[in-house]
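S.K.: Can you keep this structure in mind? I'll have questions shortly.
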Amino acid sequence: MIYCDQFAYKPQVKTLQDFPDFTESQIFNDVLVAFIQMEKADEDDPKYYETKLVKSLKWAAKKNDTNHIILHSFAHLSMSKATPEITKTLFDSVEERLKNTDYEVWQTPFGYFLDIDVKAPGRSSARIFKSFEK
């Protein structure tokens, strides 16, 4: 997770044809960006990982004094990927749960490589790594 004073993206290459098309760029301010990878083994209990992710996002957002959160799929760096459908379902569930507790939440276009621009402050709470093991 990276807290950003400003985060921007522009869709470049669509990698998953079964997901919606996106062409618009977006810019966000004062936002926690979660770079999320769901692994193949995580498919056995997605609710467990959903709960862990929601709790971690709330904690990190509070540490950075924001209620703005972006969910970004970072699975292209993984050797062990969950299916896109299960991962997208996780993102949608996490977004809904966070919105129900007064967070503003967005998702970057799913199934795209994006040009990204990150402006992040140089403090330890702005960069947080979390891995969930069962």
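S.K.: Mind listing whichever residues of the stretch 109-125 are in a strand (DSSP E or B) and touching a Phe, Trp or Tyr at 6+ places or on another chain (Cβ under 8 Å)?
M.R.: Result: TYR112, LEU114, ASP115, ILE116, ASP117, VAL118, LYS119.
S.K.: All but one of (1) surrounded by 16 or more Cβ atoms within 10 Å (Cβ to Cβ); (2) at pLDDT 90 or above; (3) over 15 Å from the mean Cα position of the chain (by Cα) hold for LYS47; which doesn't?
M.R.: (1)
S.K.: Can we say LYS58 is within 28 Å of LYS134 (Cβ to Cβ), outside any loop (DSSP other than H, G, I, E, B) and either of a type in the set (Phe, Trp, Tyr) or modelled with pLDDT of 95 or more (or both)?
M.R.: Values: within 28 Å of LYS134 (Cβ to Cβ): yes; outside any loop (DSSP other than H, G, I, E, B): yes; either of a type in the set (Phe, Trp, Tyr) or modelled with pLDDT of 95 or more (or both): yes.
For LYS58, the condition - within 28 Å of LYS134 (Cβ to Cβ), outside any loop (DSSP other than H, G, I, E, B) and either of a type in the set (Phe, Trp, Tyr) or modelled with pLDDT of 95 or more (or both) - is met.
S.K.: Given the structure, is SER73 among the hydroxyl-bearing types (Ser, Thr, Tyr) and either at pLDDT 95 or above or farther than 15 Å from GLN37 by Cβ (or both)?
M.R.: Against the criterion (among the hydroxyl-bearing types (Ser, Thr, Tyr) and either at pLDDT 95 or above or farther than 15 Å from GLN37 by Cβ (or both)), SER73 does not qualify.
S.K.: State yes or no: is THR83 under 26 Å from LYS14 (Cβ atoms), surrounded by fewer than 18 Cβ atoms within 10 Å (Cβ to Cβ), of a type in the set (S, T, N, Q) and modelled with pLDDT under 90?
M.R.: On the way: under 26 Å from LYS14 (Cβ atoms): yes; surrounded by fewer than 18 Cβ atoms within 10 Å (Cβ to Cβ): yes; of a type in the set (S, T, N, Q): yes; modelled with pLDDT under 90: yes.
So THR83 fits the description; yes.
The values are calculated or read from the model by the stated rules, or taken from the named source; none is laboratory data. As the structure is a computational prediction, the values presented were derived from the model and not from experiment. Note: ideal-geometry Cβ built from the backbone for every residue, glycine included; neighbour counts use all protein chains shown.
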